[in-house]
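Here's the structure, in structure tokens; my notes come after.
The values are calculated or read from the model by the stated rules, or taken from the named source; none is laboratory data. Here the structure is a predicted model, which is why all the values come from computation and not from measurement. Ideal geometry is used to build each Cβ from the backbone, glycine not excepted, and the neighbour counts take in all protein chains shown. Heavy atoms of the whole protein, side chains included, go into the accessibility calculation; ligands, DNA and RNA do not. Shrake-Rupley method; radii C 1.70, N 1.55, O 1.52, S 1.80 Å.
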Amino acid sequence: FDGVKIHKANGYLIEQFMKDHVNDRIDDYGGSLENHCRLPSTDEKCSGGYGREDDIKAVSDNHADLISYGRWFLANPNLPKRFELNAPPNKYDKNTFYTSDLDVDYVDYPFME
């Protein structure tokens with residue numbers, strides 16, 4: 001598991017895939033409008049909405065090349081191990097993400113025993 005956050009705003013890499021005058025690729029990510037939208041069309045599901053079974057199915061059915069787990073990693077620092085063992089993940093609470101509250105923070109989620 002490695003991760004990179006890619007910004008989707010104007011002018012950044014993801015948006016550039018959709019622009020004819022920028023995206024002159026001839027592979028699966030260029031050419032037709034459908035291909036131009038292939039990478040950027042990921043919904044907000046490829047960062048918290050997928051679970052272990054969903055991601056396995058999405059990748060095996062060629063609906064995705066990459067699944068992101070941003071929110072799940074915040075609540076589960078040992079997420080790869082949980083997936084390996086098919087153990088249930090901690091549920092995340094967005095109110096604990098990046099807060100200045102020292103009493104409740106995203107680092108307070110329990111590790112799997």
Percent accessible area from carbon and sulfur atoms, the stretch 47-112, protein chains only, probe 1.4 Å: 54 percent
For Leu33 and Leu85, extending 7 Å from Cα along the Cα-Cβ vector and measuring point to point gives, in nm, a value of 4.9 nm
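First measure r as the distance between the Cβ atoms of Gln16 and Glu53, then evaluate 1/(1 + (r/R0)^6) with R0 = 35 Å and state the FRET efficiency to the nearest 0.05.
Taking R0 as 35 Å, the efficiency between Gln16 and Glu53 is 0.60.
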Accessible surface, the stretch 47-112, averaged per residue in Å² (probe 1.4 Å): 67 Å²
